[in-house]
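Enquirer: Please find one structure pasted underneath; my questions will follow.
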Amino acid sequence: MPTGVHLRDARQQLFDAAERVLLRDGPNGLTSRAVTDEAACAKGVLHRHFTDFDAFLTELVLDRAAQLETQAHGLRETVGTGTVADNLTSALTTLFGPVPVAIIPLITFRDELRARLRQAMPGGGIAILAQVTTAVSAYLADERAMGRISADADIDSLTLSLVGGGHLLFADRDPDPPTTATINKLVTTVLAGVLQRRPG
């Protein structure tokens, strides 16, 4: 019996469908029926590949977290180039894109998903935020080692301020995401006391 689309890579098509539902309808709208309807496949397809819906969501979050890891490497590659503030502004805009921001409340709302993520990855249940935090912290430490951030800068506190503030800016998605100027203002305010002035 045909089931709509040919699911050559059923997992990826289901993940992409879940992403579209999440962006359109939010965490409350993300059900197994909504995902299979969006993917135009039979409901049984999801359960052939995953033991239950929380297993599916766990794999979805881990897949998107892995994509963030790739984007985080881009931030590390900017160390020593441009300005620290501009690099972080660009990184926060990328790392807090629409999908990561939509996934965070999904993790927050579902206790079972959070528990499974804790088992699946080091650093515990709030995947996505963990990836962003690790990326920003590593970048700041590298810039401190290069002398572009003061040697006594408290990397943990700076990271918390940047990631927490960035998340708050992006989580309020109504009507539009924050402007580059808004993000840059946050970054420059947080870094105001620690950026080293270059002689010149």
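Enquirer: Leu168 to Val99: FRET efficiency via 1/(1 + (r/R0)^6), r the Cβ-Cβ distance, R0 22 Å, to the nearest 0.05?
Expert: Here the calculated transfer efficiency is 0.80.
Enquirer: Arrange the peptides 24-37, 98-111, 128-141 so that the one whose residues have, on average, the most other Cβ atoms within 10 Å appears first.
Expert: Ranking, from highest mean packing down: 128-141, 98-111, 24-37.
Enquirer: When the Karplus curve 6.51 cos²θ - 1.76 cosθ + 1.60 is applied with θ = phi - 60°, which whole-Hz ³J(HN,Hα) does each residue of the stretch 129-134 get, with x for Gly and Pro?
Expert: Coupling constants for the stretch 129-134: 4, 5, 5, 5, 4, 4 Hz.
Enquirer: Also: Given the convex hull of the Cα atoms of the stretch 1-107, what is a quarter of its surface area in nm²?
Expert: The Cα convex hull of the stretch 1-107, projected and averaged over all directions, gives 7.6 nm².
Enquirer: How far is helix 111-120 tilted, in degrees, relative to the longest principal axis of the Cα atoms in the chain, given as a value from 0 to 90 rounded to the nearest 10?
Expert: 70
Enquirer: Okay, moving on. Full-extension gain between Thr179 and Ala120, please, as 0.36 nm times their residue separation minus the C-alpha to C-alpha distance.
Expert: 17.8 nm
Enquirer: Once you list every other residue whose beta carbon is under 11 Å from the beta carbon of Leu60, what net charge do they have if Lys and Arg are +1 and Asp and Glu are -1?
Expert: Here the charged neighbours net out to -3.
Enquirer: Taking the dipole about the Cα centre of the chain, with the C-beta of Lys and Arg at +1 and of Asp and Glu at -1, give me whichever of Leu92, Thr180, Ala10 is farthest to the positive side.
Expert: After comparing all options, I get Ala10.
Enquirer: Each residue of the stretch 140-157 in order: what ³J(HN,Hα) in whole Hz does its phi give by Karplus 6.51 cos²θ - 1.76 cosθ + 1.60, θ = phi - 60°, with x for Gly and Pro?
Expert: Along the stretch 140-157, the couplings run 4, 4, 5, 5, 5, 4, 7, x, 8, 10, 4, 4, 9, 4, 8, 4, 4, 5 Hz.
Enquirer: Further question on the same structure: Arg76 to Arg11: FRET efficiency via 1/(1 + (r/R0)^6), r the Cβ-Cβ distance, R0 35 Å, to the nearest 0.05?
Expert: About 0.75, to the nearest 0.05.
Enquirer: For Ile149, list long-range residues whose amide hydrogen, built 1.01 Å from N in the peptide plane, is under 5 Å from its own amide hydrogen.
Expert: Here Arg144, Gln196 satisfy the definition.
Enquirer: Could you give the nm distance between label points at Ala55 and Ala141, where each point is 7 Å from its Cα heading toward the beta carbon?
Expert: It is 3.6 nm.
Enquirer: Kindly identify the stretch 95-193 as rounded, prolate or oblate by the Cα gyration tensor criterion: order the square roots of the eigenvalues as a ≥ b ≥ c, call it rounded if a/c is under 1.5, otherwise compare a/b with b/c, prolate if a/b is larger, else oblate.
Expert: oblate
Enquirer: Now a separate question. How much length is gained on full extension from Gln196 to Asn28, taking 0.36 nm per residue of separation minus their Cα-Cα distance?
Expert: The span from Gln196 to Asn28 would gain 55.9 nm if fully extended.
Enquirer: Against the 2.2 N^0.38 Å scaling, with N counting residues, where does the chain land? I'd like the Cα-based Rg ratio to two decimal places.
Expert: 1.17
The numbers here are math on the coordinates, done by the rules we state, and not lab data. Here the structure is a predicted model, which means the values were calculated and not measured. Cβ: placed from backbone, ideal geometry, glycine included. Neighbour counts: every protein chain shown.
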